[in-house]
Structures are given as C-alpha cells and as structure tokens.
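K.L.:
I am attaching a structure below and will ask some questions about it afterwards.
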Amino acid sequence: MASSAACIFCKIVKGDIPSFKLFESDKVFAFLDINPLSKGHALVIPKHHGAKLSDIPDDSLAALLPVVKKLVLATGAEDYNVLQNNGRIAHQEVDHVHFHMIPKPNEKEGMGISWPQQKTDMDGLKVLLAEIKSKM
Ligand code: 5GP
Ligand code: ZN
C-alpha cells in the first residue's frame, strides 16, 4: 500500500492522527470532515497514497464510490454533492485523493456552486471530441 510519511491523510489512515472514522476496508477509509460545510460532510479516501485521481490504481478507485453511496444512505441525505478536487487552483488543499460527500440540506448549508458556462461552439466541440478520443 503506497503511503507518504508527510501526508496528513496517510497519518489518519495509520491512526497516527485521530479521526472520526466512519468506515474502513482493505482499500478505503472514510471519516468526518473536520471543518464541515454541512452536517454529515464526510471524506472518502483510498488507502493508496496519491495526490490526484490519475495517481490512483483502478481497483482502489472502483472501491471508493460504493462507500460514498453507503454514507449518503446512512446520513439520510436527500440532496447532496460529491466533489473531488485536483490541484490548488481547483481548490485541493490536501494532496491525497479524497471524495467529499456533502449533504445539501438547504440553500445556505453545504456546497455553494459557481457554474460559469461558456457559449456553445459546435465546431470547436467536434474538434475537441476527436482530439480527446484519439488519446483514449
Ligand atoms: P480539499 O479542499 O483538499 O478538497 O479538501 C480538504 C478537506 O480536508 C477540507 O474540507 C478540510 O476540512 C479537510 N481536512 C483537512 N485536514 C483535516 C484533518 O486533519 N482531519 C479531517 N477530518 N479533515 C481534514
Ligand atoms: Zn497520503
């Protein structure tokens, strides 16, 4: 299991730093966020250390979303956001992959979203589609 000695979430997985643990399996660890945006805000992380989604092996990634779903059901959240930030400019503060499960009980609590949509450019989208597909 890859881990980083300096990583705060690896320390939480090891138990070197305490956490409000919700769930643990061989590949996944889940705990309450220490500065929640709403009641029940939880983090689901792979035990495998990696900063960004693309650093995590597929088998660990595949184990994460079922745990997010478990937490949604256990908290009784009806409206909620699932968020996974990659990179500073994308609001990532902790460089160990984590999925946020953030209940949205009302307009004020939970995640606020800015959604700066751009104008549709069909020709641009066609070129982009071909470019991305050629690299998959
Ligand atoms: P990011 O902005 O990187 O997506 O989110 C990092 C999250 O980790 C934040 O919501 C922050 O409150 C949470 N966090 C940071 N350090 C700790 C910690 O030591 N314990 C817990 N439970 N959560 C933490
Ligand atoms: Zn780590």
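The values are calculated or read from the model by the stated rules, or taken from the named source; none is laboratory data. The structure presented is a predicted model; accordingly, all values stated were derived computationally and were not measured. For neighbour counting, all protein chains shown are included, and Cβ atoms are generated from backbone atoms with ideal geometry for every residue, glycine included.
K.L.:
Quick check, is V97 at pLDDT 95 or above, touching an Asp or Glu at 6+ places or on another chain (Cβ under 8 Å) and not small (G, A, S)?
P.N.:
Working: at pLDDT 95 or above: yes; touching an Asp or Glu at 6+ places or on another chain (Cβ under 8 Å): yes; not small (G, A, S): yes.
It is true that V97 is at pLDDT 95 or above, touching an Asp or Glu at 6+ places or on another chain (Cβ under 8 Å) and not small (G, A, S).
K.L.:
Out of N106, N86, report the one residue that is within 10 Å of the chain's Cα centre (by Cα) and over 18 Å from A30 (Cβ atoms).
P.N.:
When all the criteria are applied, what remains is N86.
K.L.:
Scan region 113-136 for residues that are in a loop (DSSP other than H, G, I, E, B), free of Cβ contacts under 8 Å to residues at least 12 places away in the same chain and either surrounded by 10 or more Cβ atoms within 10 Å (Cβ to Cβ) or not small (G, A, S) (or both) and report the count.
P.N.:
Selection size over region 113-136: 9.
K.L.:
Can you tell me which of D16, D58 is away from ligand 1 (no atom under 13 Å from the Cβ) and either touching a Gly at 6+ places or on another chain (Cβ under 9 Å) or more than 16 Å from E93 (Cα to Cα) (or both)?
P.N.:
D58
K.L.:
Being of a type outside the set (V, I, T), within 12 Å of ligand 2 (Cβ to nearest atom) and without any contact (Cβ under 8 Å) to a residue 12 or more places away in the chain is the filter; apply it to region 4-61 and report the residue that is surrounded by the most Cβ atoms within 10 Å (Cβ to Cβ).
P.N.:
Applying the filter and picking the extreme gives K11.
K.L.:
Among the residues of region 86-101, which ones are acidic (D, E) and within 6 Å of ligand 1 (Cβ to nearest atom)?
P.N.:
The answer is E93, and nothing else.
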